[in-house]
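Remarks on the structure that follows.
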Amino acid sequence: MNEYKEKILNVCNETCKGTLMETLGIEFVDVGENYLVAKMPVTSKVFQPDGVLHGGATVALAESVGGAASYIFMDGTKYFVRGIEIAANHVKSVREGDVFARATIVHKGRTTQLWNIQITDGDGALVSQCKLTTIALPRT
């Protein structure tokens, strides 16, 4: 991995300390020109009562990776980034292993951004398809 990618991933992971992302075990693992990837372990901490990955935890992963991607691709030193809408379709249950969220930019406007986020299991099978809209608010 090149030094630039490593620096971005380190910043993303450092900012998660003491937050929901740390509680859920979310870790940023890859970044590219127009995408960011994070993983989350599927353990009892993120289960529904019947022992499968909770959709709310999946959505928290999606918003976390989409928000972080928006932050790094919008110059977070100049803007606060907030999620303003998220939609998720859950298509597969997961009981163990890791799930991976890949946020890819669909629209990068000056104020709003639209992200496609695919959540997959360790074998690459689709678990959830999410869409996140973020807003960039100027820091004053």
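The values are calculated or read from the model by the stated rules, or taken from the named source; none is laboratory data. Bear in mind that the values here come from a model prediction, so they are computed numbers and not experimental data. Every residue, glycine as well, gets a Cβ built from its backbone with ideal geometry; the counts of neighbours run over all protein chains shown.
Contact map, region 45-58: residues that are without any contact (Cβ under 8 Å) to a residue 12 or more places away in the chain paired with residues that are hydrophobic (A, V, I, L, M, F, W, C), Cβ distance under 6 Å, separation 6+ or inter-chain. Pairs shown: 54/46.
Is it the case that region 58-75 has a residue that's out of contact with any Asp or Glu (no Cβ under 7 Å at 6 or more places or on another chain), over 18 Å from residue 107 (Cα atoms) and exposed (fewer than 12 other Cβ atoms within 10 Å of the Cβ)? Within region 58-75, not a single residue is out of contact with any Asp or Glu (no Cβ under 7 Å at 6 or more places or on another chain), over 18 Å from residue 107 (Cα atoms) and exposed (fewer than 12 other Cβ atoms within 10 Å of the Cβ). Every listed requirement among (1) surrounded by 20 or more Cβ atoms within 10 Å (Cβ to Cβ); (2) within 16 Å of residue 133 (Cα to Cα); (3) not acidic (Asp, Glu) is met by residue 114 save one, (1).
With the requirement that a residue be among the β-branched types (Val, Ile, Thr) and surrounded by fewer than 19 Cβ atoms within 10 Å (Cβ to Cβ), what does region 98-111 give you?
At the first step, the residues of region 98-111 found to be among the β-branched types (Val, Ile, Thr) are 99, 104-106, 111.
Of everything in region 98-111, those that are among the β-branched types (Val, Ile, Thr) and surrounded by fewer than 19 Cβ atoms within 10 Å (Cβ to Cβ) turn out to be 104, 105, 106, 111.
Looking at the structure I just gave you, is residue 124 modelled with pLDDT of 95 or more and on the phi > 0 side of the Ramachandran plot?
Values: modelled with pLDDT of 95 or more: yes; on the phi > 0 side of the Ramachandran plot: yes.
When the stated conditions are applied, residue 124 passes them.
Checking each residue in region 43-55 for being in a helix (DSSP H, G or I) and surrounded by 12 or more Cβ atoms within 10 Å (Cβ to Cβ) picks out 45, 46, 55.
Name the residues in region 29-70 that are touching a Leu at 6+ places or on another chain (Cβ under 9 Å) and farther than 19 Å from residue 131 by Cα, would you? Those that are touching a Leu at 6+ places or on another chain (Cβ under 9 Å) and farther than 19 Å from residue 131 by Cα: 29, 30, 41, 42, 45, 46, 47. When the residues of region 12-34 are filtered to those that are buried (at least 16 other Cβ atoms within 10 Å of the Cβ) and not hydrophobic (A, V, I, L, M, F, W, C), the one that is nearest to residue 100 (Cα to Cα) is 27. Residue-level check: of (1) in a helix (DSSP H, G or I); (2) buried (at least 19 other Cβ atoms within 10 Å of the Cβ); (3) in contact (Cβ under 8 Å) with a residue 24 or more places away in the chain, residue 9 misses just (3).
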